[in-house]
Structures are given as C-alpha cells and as structure tokens.
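Some notes on the structure that comes next.
The values are calculated or read from the model by the stated rules, or taken from the named source; none is laboratory data. What you see is a predicted model, and the numbers here were worked out from it, not measured in a lab. Every residue, glycine among them, receives a Cβ derived from its backbone with ideal geometry; neighbour counts consider all protein chains shown.
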Amino acid sequence: MHERARTMRAPERDAEIAVADGEMRELEATVQRALARQDESALDVMGYGEVTVILKLRTGDGELACKRLPVFPTRARFERYRALLDEYLAHLAAAGVVVPHTRLWTMDRPDGQVVSYCLQRAFPAGSVGNRHLREVPPEQALEWFEGVLGAATRTITPAIGLDVQASNWVWNDGELVYIDVTTPFLRDARGRERLDVKLFMSSLPWALREPVRLLLSKSIFDKFYAARGAVLDLLGNLHKERLGDLAPLFLARANAALDEPITPEQVRAYYEEDARLWTLIQRLRRADRWWQRRVRRRVYPFLLPGAIAR
C-alpha cells in the first residue's frame with residue numbers, strides 16, 4: 001500500500017466551501033420547477049444515486065457537486081443525520097480514507113420540513129472511478145484497486161461500513177478520494193442501522209416502504225460491514241459499468257488479501273441478484289411516479305434516472 005493511503009486526515013469542514021445562500025435557493029427552486037413541469041432539462045445532472053440525485057452548480061468560486069438528500073420531515077431528524085454524518089466522517093479520517101471538504105446546506109420550509117444538499121467540489125468527470133478505469137492501462141487500474149482494497153480492510157468493522165464501488169471514488173492527482181459519504185454506514189452494538197433508514201426509503205411507494213425496510217434493508221446494508229462483502233459488491237458492479245474485463249485481475253488481488261476467497265461464479269451470481277433487486281425497486285418508483293402524476297394529479301417529489309443498463 002502506498003504511504004499516503006495510510007495517512008490519517010481530519011474530516012474536511014464547511015469553511016472550505018463558500019456558496020451564497022441565494023444560489024442554493026435558486027437551485028432548489030429550479031428543482032421544484034423541474035418536478036412541477038416534469039421537465040429536468042434546466043438541471044445539470046451529474047449523476048443519480050439509488051435514492052439521490054447529484055446536480056452541478058457553477059459559482060464564482062468554482063463548480064460544486066450538490067447531492068440533494070431526501071427531504072427531512074423535521075429539523076430534529078435532520079440534526080440527528082448531521083451528527084451521524086460528522087461521526088462517520090471522523091471514522092473515515094481515522095482509517096486514512098481521504099474525503100473532500102463536505103458541507104451540508106439546508107433550507108427550512110414553512111411546513112417545518114427541511115431541504116438539504118450535501119456539497120463538495122466537483123471533480124472532473126473522467127476522474128470518477130468507473131470512468132477512470134476505462135481510460136487507464138491494467139497496471140494503473142490495479143493500483144487503483146489496491147488503494148480501494150486497502151481502504152476497505154482498514155475501515156470496515158461490524159459497526160462501520162463502506163460502499164467501495166467504483167463510482168464512489170475519484171482519482172485526484174495520484175490520490176484516491178472517497179466522495180459518496182451521504183449514507184453513514186454506522187451500526188449500534190446490537191447490529192442495527194443508526195441511519196434513518198425509513199427516510200432514505202421514502203422514494204418507494206408508501207405501501208411498500210415498511211415491507212421493503214423489514215425484508216430487504218438487512219440484505220442491502222449487510223455487505224458494507226464486511227470487507228469481503230464490500231469487495232464482492234465492487235466486483236459485481238464492474239459488470240454493470242461494462243468493466244467486467246478487469247474483474248479477474250481485481251479478483252486475484254482481492255483473494256490474496258481476504259480470509260475467505262471469492263470465486264468468479266459468486267461475482268456473477270451476486271451481480272445478477274443485485275441487478276434484479278435494483279431493477280425491481282426502480283420499476284416500483286417509476287410506477288409510483290406515474291400513479292402520483294397521472295391519477296392523483298400530484299407533483300412527484302423525486303428526480304429519477306432514466307433506464308439504467310445493468
């Protein structure tokens with residue numbers, strides 16, 4: 001492992017990101033217009049998470065990546081989330097995982113709900129892991145993977161998780177930087193998620209949120225609390241990113257470091273099961289959007305990606 005990968009860093013704080021409150025309010029107003037008009041063409045979408053969207057905001061101080069979080073029903077629930085995120089960032093720093101300066105911006109609605117964005121500097125699109133790996137030779141791709149593997153084995157415990165799939169990292173001047181911090185993977189002594197899971201499943205149809213939380217949340221989250229599970233998830237997602245040719249190279253390196261080896265058959269089976277799960281969830285969300293817009297004549301409050309090739 002490179003020496004810099006073991007260097008501990010403090011969580012990067014808000015003061016490094018300056019953005020006018022009015023600029024953020026205008027961004028949120030643009031989002032609301034996009035939702036009301038069912039037209040996202042005015043938004044500069046950088047990418048979609050499974051439950052979030054990342055928008056680019058150009059400011060006088062540079063470009064920001066603004067991840068719009070689920071709307072918090074109360075200020076108290078947001079403050080619990082903020083404290084959990086701060087704790088998670090501290091754990092990542094202690095493990096030597098480099099995270100960019102991260103800031104939460106909020107806006108209180110008249111009804112007491114809280115709109116929130118996670119702000120970071122925008123990195124060049126080509127530096128994001130899934131794009132970076134397409135452009136570099138195998139030996140550099142392996143160097144990238146060794147850095148990710150080291151971060152996984154240093155960080156992950158039964159109480160601290162990490163989602164290490166390729167799109168969660170950027171390669172910045174020879175250094176791995178972890179950018180997807182908005183899901184603080186932290187568990188209590190009884191193995192329960194400390195994250196407000198109900199909130200982060202709020203984009204599912206109302207009648208399905210509790211069944212999905214009870215039946216699937218454990219299988220969705222469990223893998224991130226074991227290095228083997230997190231690496232298996234990364235390897236499986238290589239196929240979704242059309243990077244499957246790197247899987248044998250990465251797999252050999254992973255098995256030299258893991259206590260329990262991973263087989264190619266397990267990678268393929270995991271990828272197929274994961275693709276089926278998220279394809280189903282996205283279909284349910286799109287069906288709910290159609291129901292809300294066409295039948296109930298309501299504004300659907302989430303931005304959803306188009307068809308995702310899995």
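Values as computed for the structure displayed
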quantity: Elements of type helices (runs of 4 or more DSSP H) in the stretch 219-310, at least 1 residues being closer than 30 Å to residue 37 by Cβ and touching a residue at least 60 places away in the same chain (Cβ under 8 Å); calculated: 264-290
quantity: Single match in 151, 166 (criterion: modelled with pLDDT of 95 or more, over 22 Å from residue 81 (Cα atoms) and in contact with a helix residue (DSSP H, G or I) (Cβ under 6 Å, 6 or more places away or on another chain)); calculated: 166
quantity: Qualifying positions in the stretch 124-140 - part of a helix (DSSP H, G or I) and under 21 Å from the mean Cα position of the chain (by Cα); calculated: 125, 126, 127, 129, 130, 131, 132, 133, 134
quantity: Selected residue [surrounded by fewer than 17 Cβ atoms within 10 Å (Cβ to Cβ), modelled with pLDDT of 95 or more and either under 19 Å from the mean Cα position of the chain (by Cα) or not hydrophobic (A, V, I, L, M, F, W, C) (or both)] from 26, 3, 50; calculated: 26
quantity: Enumeration of residues in the stretch 141-182 that are part of a helix (DSSP H, G or I) and aromatic (Phe, Trp, Tyr); calculated: 144, 145
quantity: Test: residue in the stretch 31-47 that is buried (at least 19 other Cβ atoms within 10 Å of the Cβ), over 30 Å from residue 148 (Cβ atoms), modelled with pLDDT of 90 or more and of a type in the set (A, V, I, L, M); calculated: yes
quantity: Candidate set: the stretch 60-81, residues that are free of Cβ contacts under 8 Å to residues at least 60 places away in the same chain and either buried (at least 16 other Cβ atoms within 10 Å of the Cβ) or within 14 Å of the chain's Cα centre (by Cα) (or both); chosen: the one nearest to residue 117 (Cα to Cα); calculated: 66
quantity: Residue pairs meeting the criteria (Cβ under 7 Å; at least 6 apart or on separate chains; first farther than 12 Å from residue 176 by Cβ, in the stretch 124-148; second assigned to a helix (DSSP H, G or I) and hydroxyl-bearing (Ser, Thr, Tyr)); calculated: 130/167
quantity: Tabulated pairs, the stretch 170-195, first touching a residue at least 40 places away in the same chain (Cβ under 8 Å) and among the aromatic types (Phe, Trp, Tyr), second surrounded by 21 or more Cβ atoms within 10 Å (Cβ to Cβ) and assigned to a strand (DSSP E or B), C-beta under 7 angstrom, 6+ apart or interchain; calculated: 178/169
quantity: Scope the stretch 88-119; condition surrounded by 15 or more Cβ atoms within 10 Å (Cβ to Cβ), over 16 Å from the mean Cα position of the chain (by Cα) and among the charged types (D, E, K, R); matching residues; calculated: none
quantity: Strands (runs of 3 or more DSSP E) wholly inside the stretch 17-123 that include at least 2 residues being within 20 Å of residue 301 (Cβ to Cβ), out of contact with any Cys (no Cβ under 6 Å at 6 or more places or on another chain) and among the β-branched types (Val, Ile, Thr); calculated: 53-59, 114-121
quantity: The stretch 183-205: number of residues that are closer than 27 Å to residue 122 by Cβ, of a type in the set (A, V, I, L, M, F, W, C) and part of a loop (DSSP other than H, G, I, E, B); calculated: 2
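So that you can scan it fast, the table gives a plain yes or no per residue for (1) under 25 Å from residue 46 (Cβ atoms); (2) out of contact with any Pro (no Cβ under 8 Å at 6 or more places or on another chain); (3) at pLDDT below 95:
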site: 136; (1), (2), (3): yes, yes, no
site: 141; (1), (2), (3): yes, yes, no
site: 160; (1), (2), (3): no, yes, no
site: 179; (1), (2), (3): yes, no, no
site: 188; (1), (2), (3): no, yes, no
site: 192; (1), (2), (3): no, yes, yes
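Let's see how each residue does on (1) over 30 Å from residue 247 (Cα atoms); (2) at pLDDT 85 or above; (3) surrounded by 12 or more Cβ atoms within 10 Å (Cβ to Cβ):
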{"position": "268", "(1), (2), (3)": "no, yes, yes"}
{"position": "271", "(1), (2), (3)": "no, yes, yes"}
{"position": "277", "(1), (2), (3)": "no, no, yes"}
{"position": "282", "(1), (2), (3)": "no, no, yes"}
{"position": "303", "(1), (2), (3)": "yes, no, yes"}
{"position": "306", "(1), (2), (3)": "no, no, no"}
